[in-house]
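Chemist: Okay, here's the structure, questions in a sec.
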Amino acid sequence: MGKDSNMIEVKTSAGNCYKIDKECSDDMELLDALIDLDSGDLSGMKQVIKILLGAEGKKVLYEANRKDNGRVSADGVLAELKEIMDLLPASVKN
């Protein structure tokens, strides 16, 4: 991945790299979706993935969690998304 001053690169323990826009730190729609997730409403996950990772990051996330039968593991996606959030600097999370 190339360097971009407005992007933060995160690498998960599975070795997957994601670019996160620093502007996510001031995105009310992302905050709304995270609140939904925190409240147990999994419908917010689609929006979190879209805003946080974009189309390319979503592809990486889904392929990294695709099982042998071709299905994408929801548990795997949730776990990796949590790890991505944990790896972000506080300046992006707050």
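Chemist: Looking at residue 52 and the list (1) farther than 17 Å from residue 88 by Cα; (2) of a type outside the set (D, E, K, R); (3) in a helix (DSSP H, G or I), which single condition is not satisfied?
Modeler: Of the numbered conditions (1) farther than 17 Å from residue 88 by Cα; (2) of a type outside the set (D, E, K, R); (3) in a helix (DSSP H, G or I), the odd one out for residue 52 is (1).
Chemist: Would you mind stating whether residue 61 is at negative phi, at pLDDT below 95 and surrounded by 10 or more Cβ atoms within 10 Å (Cβ to Cβ)?
Modeler: no
Chemist: If the requirement is being at pLDDT 90 or above and either aromatic (Phe, Trp, Tyr) or surrounded by fewer than 11 Cβ atoms within 10 Å (Cβ to Cβ) (or both), which of these qualifies: 45, 28, 1?
Modeler: 28
Chemist: Does any residue of the range 5-17 turn out to be of a type in the set (A, V, I, L, M, F, W, C), part of a strand (DSSP E or B), in contact with a Phe, Trp or Tyr (Cβ under 6 Å, 6 or more places away or on another chain) and surrounded by 15 or more Cβ atoms within 10 Å (Cβ to Cβ)?
Modeler: yes
Chemist: Could I ask something else about it? Which ones in the range 35-60 are closer than 13 Å to residue 20 by Cα and touching a Gly at 6+ places or on another chain (Cβ under 9 Å)?
Modeler: 49
Chemist: Further, regarding this structure: Under 7 Å between Cβ atoms, at least 6 apart or on separate chains: pull out the pairs that start in the range 37-53 with a residue that is small (Gly, Ala, Ser) and end on any residue that is modelled with pLDDT under 95.
Modeler: Between residues of the range 37-53 that are small (Gly, Ala, Ser) and residues that are modelled with pLDDT under 95, the close pairs are 43/36; 44/33; 44/34; 44/36; 44/37.
The values are calculated or read from the model by the stated rules, or taken from the named source; none is laboratory data. The structure displayed is predicted, hence computed values, not measured ones. Counting neighbours? That spans all protein chains shown, and the Cβs are built from the backbone with ideal geometry, glycine included.
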